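Each reported figure results from applying straightforward, stated rules to the coordinates on display, with no laboratory input. Note that the structure is a prediction, hence the values are computed from the model and not measured. Quick reminder, even Gly has a Cβ in these numbers, built from the backbone with ideal geometry, and neighbours come from all protein chains shown.
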There are 2 protein chains.
Amino acid sequence: MSQAVRRKGGVELPPNRYREILEIAARMICEKGYEGTSIQQIAHACGLTKAGLYHHIRSKEHLLVEIMHYGMDIFEERVLSQVEPITDPLERLRTCMAKNILMVTRDRTKEITIILHEHATLTGEELDRINTRKKRYVRFLERTFSEAIATGQIRRVDPKVATFAFLGAVNWIYKWFQPDGHVSDEQLVRGMQDVFFGGLEPRSSAKPEAS
Amino acid sequence: MSQAVRRKGGVELPPNRYREILEIAARMICEKGYEGTSIQQIAHACGLTKAGLYHHIRSKEHLLVEIMHYGMDIFEERVLSQVEPITDPLERLRTCMAKNILMVTRDRTKEITIILHEHATLTGEELDRINTRKKRYVRFLERTFSEAIATGQIRRVDPKVATFAFLGAVNWIYKWFQPDGHVSDEQLVRGMQDVFFGGLEPRSSAKPEAS
DNA sequence: CATACTACCGACCGACCGGTAGGGTACCGA
DNA sequence: TCGGTACCCTACCGGTCGGTCGGTAGTATG
């Protein structure tokens, strides 16, 4: 399995092995939870003994930390940095939603799911560090909502509440979405954009009242 | 603590003791996760030994099942059955959102949080039973969205996607909301209703285009 | 006073937990 | 040829896991 790699030809995969371990561990933790996955099981899945695995990792907790930062790296590279340069704030939000959704549904980026699910597993300053990176995304969304309000592209809503509604709608997907289910991911992206940005109340009729 | 109850005066708390255990266990599992909470810790918090606790519960897994069904009972009583009789579909949705949000923020109903968080902990037919009860709520929302579309009160959106956007926005709250934070729960209810039902795009201007 | 039942406990079970000590092997540049 | 280093092993640590056993104190009934 993982022995298919040979280092005969010289430098080959030395740095990749660590990533491989992170990804295997991420898959297992994603499936059975952090506390529900033992170091033995991870080691066995990596083709190692427990002690062998500990040659690569510092501790179980630090393994989770590394997985989460790895996930944040992927997210910032494939979503945040992609949409940040978009000048139009509304288009920035729409594209951000699309990329964020596909991040959860497609590309088995189990690391992202772990970040979403294990939100209260870490403690202390490692938790702070992850939360700081998460908050960067939240602030980005809040700013973009405010910007879109300023340009008159969206209504005067509470940017903070809008941000958490956005994040909830998008991040909740990992709890119910099935790749082979009734809803495809493209359908989901279009539907979510329609519901969230288009709103629910009808456009072309005077609304009687709202409490 | 829990010994404050005396059964001198006759029948007193025999059935309540079990609920007390469920609530104590729910609080702990909510704080530290199902796998992260041991039977010993729960027993100790109940003022019992582990063997004493096992007099009341069948197994750790069954304890979780009971907590979840208890939570579903509370939810159906305090949300579903309250909003189901509302005839106006849009008003039904708005009230449902309000009650659902307050369910997560106020009344420390830890059982609900557990149902939301531990969505993949159970397996087999116990999982099926809980999912069946959850699906009743999902179907109810889908039906209500369809109904509101039929009456012309909301736009022609995908009822399934709208339902999951609704559920995501509402159920994600447990991950970030702090009772003493910057956003109060009344503010959250009003803001969520505004964002979700009012939509984001402006009402009173012709929109140039949307991709 | 005997019976029966609920509630509960001390002691214990085998399995497994996260983590470590220390040794072995294969390959590296010097 | 000689370390040095990366990698991985067997064996083991103290502790905890979920769960069970036989037993007992208290109460209620007859």
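Within 10 Å of each Cβ in peptide A:168-181, how many partner chain Cβ atoms are there on average? Round it to a whole number, please. Numbers along the way, then the final one.
Details: counts 13, 11, 4, 3, 11, 3, 3, 9, 7, 1, 0, 0, 0, 0.
Mean partner shielding for this stretch: 5.
Which residue is it, in chain B, that holds its beta carbon closest to the axis of the B-onto-A rotation, and how many whole angstrom away?
B:199, 1
Take the Cβ-Cβ distance between residue A:84 and residue B:176 as r, set R0 to 25 Å, and report the resulting FRET efficiency rounded to the nearest 0.05. Mind dumping the intermediate values first?
Numbers: r = 22 Å, r/R0 = 0.89.
Efficiency for this residue pair is about 0.65.
Would the protein assembly as shown count as rounded, prolate or oblate if I go by the C-alpha gyration tensor, calling it rounded below 1.5 in a/c and otherwise prolate when a/b exceeds b/c, oblate otherwise?
oblate
Given label points at 7 Å from Cα along Cα→Cβ, what nm distances, shortest first, separate residue B:138 from the same residue in every other copy?
From this label point to the equivalent ones elsewhere in the assembly: 2.8 nm.
Which of A:99/B:134; A:110/B:175; A:110/B:135; A:135/B:99; B:99/B:160; A:134/B:99 have a Cα-Cα distance over 23 Å? Mind dumping the intermediate values first?
Numbers: A:99/B:134 28 Å; A:110/B:175 19 Å; A:110/B:135 25 Å; A:135/B:99 28 Å; B:99/B:160 21 Å; A:134/B:99 28 Å.
Beyond 23 Å: A:99/B:134; A:110/B:135; A:135/B:99; A:134/B:99.
Expressed in nm to one decimal, what extension gain is obtained for the pair residue A:123 and residue A:150 from 0.36 nm per residue of sequence separation less their Cα-Cα distance? Could the numbers behind the result be given before it?
Numbers: separation 27, 0.36 × 27 = 9.72 nm, distance 3.80 nm.
Result for the pair: 5.9 nm of gain on full extension.
Suppose every Lys and Arg Cβ carries +1 and every Asp and Glu Cβ carries -1, with no other charges. What dipole size does the stretch A:82-199 come out with about its Cα centre, to the nearest 20 debye?
On the way: 18 positive and 16 negative charges, 44 e Å.
That gives a dipole near 220 debye.
Put a point 7 Å out from Cα along the line to Cβ at residue B:76; what are the distances to that point in the other copies, in nm, shortest first?
4.7
Looking at chain A, what % of the alpha carbon pairs are farther apart than 24 Å? Could you put the intermediate results ahead of the total?
On the way: 11511 of 22155 pairs.
That fraction is 52 percent.
Please compute the length gained on full extension between residue A:106 and residue A:20, using 0.36 nm multiplied by the number of residues separating them and subtracting their Cα-Cα distance.
On the way: separation 86, 0.36 × 86 = 30.96 nm, distance 1.94 nm.
29.0 nm is the gain from fully extending residue A:106 to residue A:20.
Ignore the peptide's own chain and count Cβ atoms of other chains within 10 Å of each Cβ in A:150-157; give me the average, rounded. Spell out each step's value before the answer.
On the way: counts 0, 0, 2, 6, 5, 9, 3, 8.
Mean partner-chain Cβ count within 10 Å for A:150-157: 4.
Can you name the helices of chain B, as whole DSSP H runs, whose Cα span along the helix axis is 15 Å or more and whose Kyte-Doolittle mean is not below 0.5? Could you put the intermediate results ahead of the total?
Working: long enough: B:14-32 (28 Å, -0.56); B:60-75 (23 Å, 0.31); B:89-105 (24 Å, 0.31); B:124-150 (38 Å, -0.93); B:159-171 (17 Å, 1.01); B:185-198 (18 Å, -0.22).
For chain B, where a helix must reach 15 Å along its axis and average at least 0.5, the hits are B:159-171.
Any idea what the dipole of the stretch A:18-175 comes to, in debye rounded to 20, about its Cα centre with Lys/Arg Cβ at +1 and Asp/Glu Cβ at -1? Each step should come with its number before you reach the end.
Values: 24 positive and 21 negative charges, 65 e Å.
Here the size comes out at about 320 debye.
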